[in-house]
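Colleague: Quick one: this structure, given as structure tokens, is what I'll be asking you about.
The values are calculated or read from the model by the stated rules, or taken from the named source; none is laboratory data. These figures come from a predicted structure and were not determined experimentally. Cβ: placed from backbone, ideal geometry, glycine included. Neighbour counts: every protein chain shown. The accessibility values were calculated without ligands, DNA or RNA, using every heavy atom of the protein model including side chains. Shrake-Rupley method; radii C 1.70, N 1.55, O 1.52, S 1.80 Å.
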Amino acid sequence: MSLEDLRFDERGLIPAVVQEADTGEVLMVAWMDRRALEATLTTGLAHFWSRSRGQLWRKGETSGHTQHVERLYADCDGDVLLVQVHQEGVACHTGHRTCFFTALPGGEGASPPANMLERLERTIEARKSAPPSGSYVAGLLSKGEAAVCRKIGEEATEVITAALGGEGDRRLVEETADLWFHTLVLLGARGIRFQEVVEELARRHHARRG
């Protein structure tokens with residue numbers, strides 16, 4: 001699909017859903033006109049059209065919370081854009097990471113959020129910098145890296161036991177969650193962001209396809 005195939009509305013605008021490229025987290029929804037879209041494609045930075053101010057604007061031009069565009073897609077009808085970005089700082093003017101932080105009654109807990117690993121990473125970092133009394137993560141970190149590694153080894157064994165011991169798929173899911181969680185704790189102890197692991201997986205994926 002080319003730019004000429006896109007279906008802008010009667011105002012010359014098209015809605016753009018902005019998503020964190022690595023985690024799938026939906027950050028915001030904005031509008032683009034043709035100039036904003038062309039500026040986005042040319043610079044690699046997300047540009048939008050402000051309906052309230054009636055002008056072109058670049059995300060982060062005043063706040064510094066720039067969006068570096070990784071990929072851009074149009075939907076099957078060509079009337080909605082999906083902009084996958086790497087977000088610097090936060091996306092929402094309220095200071096929240098995403099504009100979608102308000103749950104409607106009855107809408108909470110329906111499915112795990114796409115950014116669950118990122119949320120866990122933030123929690124681990126908070127426990128590391130300001131350890132609260134009684135925190136499991138803070139207690140594990142206080143025992144040192146060797147203790148965290150031993151826990152990862154135990155959880156890896158539990159994953160294998162669940163897979164080969166006929167304990168069912170649910171048990172395997174639970175043990176895998178434990179393994180991933182404690183691996184995140186180890187990364188947090190080292191100050192390594194899980195995005196670095198995602199980027200390494202992406203590098204290997206592209207290398208094998210090349």
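Colleague: Given springs between every Cα pair under 10 Å in a Gaussian network model of the chain, which of 133, 50, 63 has the largest fluctuation?
Modeller: Taking springs between Cα atoms under 10 Å, the residue moving most is 133.
Colleague: Helix hunt in the chain: which complete DSSP H runs extend at least 15 Å axially by C-alpha with mean Kyte-Doolittle at least -1.0?
Modeller: 116-129, 145-164, 169-190
Colleague: Accessible area per residue for the chain in Å², computed with a 1.4 Å probe and the full protein assembly in place, what is it?
Modeller: About 62 Å² of surface per residue is accessible.
Colleague: Step by step: find N for the range 21-89, compute 2.2 N^0.38 Å, then divide the Cα radius of gyration by it. What's the final number?
Modeller: Scaled against compact globular proteins, the figure is 1.06.
Colleague: Taking the simple approach of a point 7 Å from Cα along Cα-to-Cβ for both residue 3 and residue 177, what is their distance in nm?
Modeller: My value for the distance between the label points is 4.6 nm.
Colleague: Rounded to two decimal places and with Rh computed the Kirkwood way over Cα pairs, what is Rg over Rh for the range 131-183?
Modeller: 1.08
Colleague: A follow-up question, please. What is the projected area of the convex hull of the Cα atoms of the range 56-106, averaged over all directions, in nm²?
Modeller: Its average projected convex-hull area is 5.4 nm².
Colleague: Quick one: with all protein chains in place, what share of the accessible area of the range 19-111 is carbon or sulfur, to the nearest percent (1.4 Å probe)?
Modeller: Here it works out to 52 percent.
Colleague: Then there's this: Find the relative contact order for the range 98-195 and round it to a whole percent, using C-alpha pairs within less than 8 Å whose residues are 6+ positions apart.
Modeller: Over the range 98-195, the number comes to 31 percent.
Colleague: Something else about it: Using 0.36 nm per residue of separation minus the Cα-Cα distance, give me the extension gain between residue 56 and residue 41 in nm, one decimal. Let's see the in-between values first.
Modeller: Working: separation 15, 0.36 × 15 = 5.40 nm, distance 1.43 nm.
Between residue 56 and residue 41, full extension yields 4.0 nm more.
Colleague: Also, I was wondering about something else. Taking amide H positions as placed in the peptide plane 1.01 Å from N, state which residues far from residue 32 in sequence (5 or more) or on other chains have amide H under 5 Å from it.
Modeller: 14, 16, 49
Colleague: Go ahead and set up a Gaussian network model of the chain, Cα springs under 10 Å, then flag whichever of 24, 95, 188 fluctuates most.
Modeller: The residue with the greatest mean-square fluctuation here is 95.
Colleague: Work out the P(r) tail for the range 103-200: percent of alpha carbon pairs separated by more than 24 Å, whole number. Let's see the in-between values first.
Modeller: Details: 1574 of 4753 pairs.
Cα-Cα pairs of the range 103-200 separated by over 24 Å account for 33 percent.
Colleague: I need the calculated FRET efficiency for the pair residue 136 and residue 72, taking r as the beta carbon distance and R₀ as 41 Å, to the nearest 0.05.
Modeller: Calculated transfer efficiency: 0.50.
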